[in-house]
Amino acid sequence: MMHVDRYEQIWIRLSVFVLIAFILAVLTASVSAGIQVPGVVQRVDPNTVTEPGSPWAEPGLRELAPGKYEAYILAQIWVFTPDEIRVPAGSEVTFYVTSKDVQHGFKILDTNINMMVIPGQVSKLTARFDEPGTYTMVCHEYCGVGHHTMYGRIVVEPTQAAAE
Amino acid sequence: MATVSVPGPTSESAHRTSGRRRFRRGGRGTWALLLVAVPVLAVLLFVIFRPILVLPRIGPAPGFVLTDAQGHPVSHEDFRGKVTVYTVATTDCTDACAETYALLRRLAAQTGQETWPAPVELVTVYLDSATPEQLRQVAAQVDVDPSRWRLLSGDPRSLKYLVGGGFELYYREGPAGRIEFEPGLVLVDGVGVLRAMYRGSLPSSQEVLRDLETLMAEIQNSKGWTRYAYEAAHLFLCYP
């Protein structure tokens, strides 16, 4: 039997424990907290993504049904199109984001939306906006000298019933 | 100065005993390692080689009550036990609907020949709140076999909740009051679960048939012990 130093054994056990703890944390979060793993849902050609017929030809918010929306967002240096979206409180919005040029990031603060935006791929995630307010969306992958100017906002407006 | 100790008979015996203990400990460690490694390896091989293919369980299909071409109410419950292919159209559309009808005709012909464990039903939902009379006219124009292909419509609110909210197919009323929509196709299994959604454009009939064959294989084979293998396949499938 190979001799393993006592301290080495401790470190090996510790690292295995940390791995197991992370796996359990990810599993718990994905199952119980409903955290979604952003995935590639579609491939597009960045050169033709804005041509007529593509939903990114007129990016923006589309109402699927009352309280349910989809937002097609185009990322390019150094702007999101559109850079402002308005939805009523209680809305569920599915974001379809793609890039026309380089790799970007798409994060909406105080929500579960946090994904990479890669040219040629469409990233999709859904968020529910219950609380009225302004949610900032930022690019969080360095994309060039104007990276820090690449942001927008989601304005969640109080519903008429709540306002009354 | 280094000292060299020569083990005597007593220390040699103690050394052997300690070696056996270490061996037993090592044996337990090896078994424990195997106990973890074998399932992990099995899972990895299962995920990499995908011996069982399944369509994802996207979510529960929306409920609805619409009206058919005979004026009878039709609900989602009427399609229990059947695999249902939903498409959308309007009574006044031409090119986009011609493509949909051609696809449905091919599917009706090809699925009618198969001996599958569950029947396949084709449903087209008309987004312009068509009357039964209008649906009958369309059925006559496109030569629909009513036993395989149902034409349904309803009030705007029910249609919006079903097609927009449930199937996530976007449509809107255009400036001239005409419905503008993107073609799409949705596959729902016999227990009312969404299994495939094609949005924005129509898939080819080969793609739909491939999905139907995958679903039918699951319905047929997912029994007894193999059911757990199918459940495992769902567990390791990254749903979109």
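The values are calculated or read from the model by the stated rules, or taken from the named source; none is laboratory data. From a predicted model like this one, the values you see are computed outputs, not experimental measurements. Neighbour counts are summed over all protein chains in view; Cβ atoms, including those assigned to glycine, are modelled from backbone coordinates with ideal geometry.
Conditions (1) assigned by TED's automatic domain parsing to the domain that holds A:ASN114; (2) more than 17 Å from the chain's Cα centre (by Cα); (3) surrounded by 15 or more Cβ atoms within 10 Å (Cβ to Cβ), marked per residue:
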site	(1), (2), (3)
A:GLN9	no, yes, no
A:LEU14	no, yes, no
A:ALA21	no, yes, no
A:VAL26	no, yes, no
A:PRO66	yes, yes, no
A:ILE73	yes, no, yes
A:GLN76	yes, no, yes
A:ILE85	yes, no, yes
A:PHE95	yes, no, yes
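Do we have B:VAL138 as of a type in the set (A, V, I, L, M, F, W, C), surrounded by 18 or more Cβ atoms within 10 Å (Cβ to Cβ) and in contact with an Asp or Glu (Cβ under 9 Å, 6 or more places away or on another chain) here?
Criteria not met by B:VAL138.
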Just checking, how many residues over segment B:133-164 are among the basic types (Lys, Arg) and within 14 Å of chain A (Cβ to nearest Cβ)?
-> 2
Exactly one of A:GLU8, A:GLU70 is among the acidic types (Asp, Glu), within 11 Å of another protein chain (Cβ to nearest Cβ) and not in a loop (DSSP other than H, G, I, E, B), and that residue is A:GLU70
Counting just the residues of segment B:1-33 that are surrounded by 11 or more Cβ atoms within 10 Å (Cβ to Cβ) and modelled with pLDDT of 60 or more, which one comes out nearest to the other protein chains (Cβ to nearest Cβ)?
-> B:GLY26
Which residue, of A:VAL31, A:VAL102, is at pLDDT 90 or above and out of contact with any helix residue (DSSP H, G or I) (no Cβ under 8 Å at 6 or more places or on another chain)?
-> A:VAL102
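To keep it simple, each residue is scored yes or no on (1) in contact with a Lys or Arg (Cβ under 8 Å, 6 or more places away or on another chain); (2) touching a residue at least 40 places away in the same chain (Cβ under 8 Å).
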{"position": "B:LEU122", "(1), (2)": "yes, no"}
{"position": "B:ALA140", "(1), (2)": "no, no"}
{"position": "B:ARG150", "(1), (2)": "no, yes"}
{"position": "B:GLY154", "(1), (2)": "no, yes"}
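Yes or no, residue by residue, for (1) within 25 Å of B:GLY63 (Cβ to Cβ); (2) touching a Ser or Thr at 6+ places or on another chain (Cβ under 8 Å); (3) within 14 Å of chain A (Cβ to nearest Cβ):
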site	(1), (2), (3)
B:ASP128	yes, yes, no
B:THR131	yes, yes, no
B:GLY166	yes, no, yes
B:TYR171	yes, no, yes
B:PHE181	yes, yes, yes
B:GLY184	yes, yes, yes
B:ARG199	yes, no, yes
B:GLN206	no, no, no
B:LYS223	no, no, no
